[in-house]
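Worksheet for the structure shown next.
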């Protein structure tokens, strides 16, 4: 007796007509009758009473039908659930972002994922950029959204580009630079800057320091650089103190009325890259489903 055989029996019990049940199961009436007879022999009790006019369930047959209907229903649900897990339609996925601001620009894609895959539990965690690679390695997150440089140097990670964003300068409305529409790089030489702390991220440091050097600034030896843990702290520092920062264009929607968003007057302004990284060995099918949504350029970003 197997699941297919149980489904034959359930069809016969609901139709109370072996010929009609056989048609529903795409087998012959003879095969259906033989199958029921074999089941009764194996079970040791009669399932149906038959005569020339009708077929009806015995008391034991009715009880067996009710219980087997629940068994087959549970089996079908288990198959669907496992198929969904295998295809990435069930399960859970943890996405790490370096701050709420970076997370918010992908909110539309994360929301799309939640709407179209409600059976996958999506968790978004804030993790400092310097810990992203380590958290991926330890399995504490499935996907990390961050700058790509250090993730690309980790051989066990696969990295996909999510976008490239033009760099802008921000300062308070009381800052002397706020009167400029376009800020020449030479005006920055004596300014006090704030930036996200890049300790433990050598590849990201090298990439970003190249951009700073083009502005005539070298953060490693410049004591005028204040370092913060994430983007929200950077915005607070700019808003409260007489300092400036270089930020990607998606920050524009998060600045307050007392801050200015200024373009740099140079041919090739610094660019900020955002990428999604994950362990190549991660076998969680929901990861691929989430990545497909994060990488879908048909879903606009929120900035």
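The values are calculated or read from the model by the stated rules, or taken from the named source; none is laboratory data. Everything numeric here is computed off the predicted structure, so don't read it as measured data. Cβ coordinates were reconstructed from backbone atoms using ideal geometry, including for glycine residues, and neighbour counts include every protein chain displayed.
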Filter pass, residue 165 being touching a residue at least 24 places away in the same chain (Cβ under 8 Å) and in contact with a helix residue (DSSP H, G or I) (Cβ under 7 Å, 6 or more places away or on another chain): yes
Members of region 173-211 that are out of contact with any helix residue (DSSP H, G or I) (no Cβ under 6 Å at 6 or more places or on another chain), modelled with pLDDT of 90 or more and not in a loop (DSSP other than H, G, I, E, B): 176, 177, 178, 179, 182, 202
Any hit, region 183-201, residues being within 29 Å of residue 302 (Cβ to Cβ) and surrounded by fewer than 14 Cβ atoms within 10 Å (Cβ to Cβ): no
Qualifying positions in region 123-157 - surrounded by fewer than 18 Cβ atoms within 10 Å (Cβ to Cβ), under 15 Å from the mean Cα position of the chain (by Cα) and in contact (Cβ under 8 Å) with a residue 40 or more places away in the chain: 126, 139, 140
Residue in region 64-100 that is nearest to residue 9 (Cα to Cα), counting only those that are at pLDDT 90 or above, in a helix (DSSP H, G or I) and touching a strand residue (DSSP E or B) at 6+ places or on another chain (Cβ under 9 Å): 65
Residues satisfying the stated conditions in region 286-301, i.e. farther than 21 Å from residue 118 by Cβ and either in contact with a helix residue (DSSP H, G or I) (Cβ under 7 Å, 6 or more places away or on another chain) or in a helix (DSSP H, G or I) (or both): 300, 301
Subset tally (residues that are buried (at least 19 other Cβ atoms within 10 Å of the Cβ) and without any contact (Cβ under 8 Å) to a residue 24 or more places away in the chain) for region 1-24: 3
Test: residue in region 39-49 that is loosely packed, with under 13 Cβ neighbours inside 10 Å, touching a strand residue (DSSP E or B) at 6+ places or on another chain (Cβ under 9 Å) and outside any loop (DSSP other than H, G, I, E, B): yes
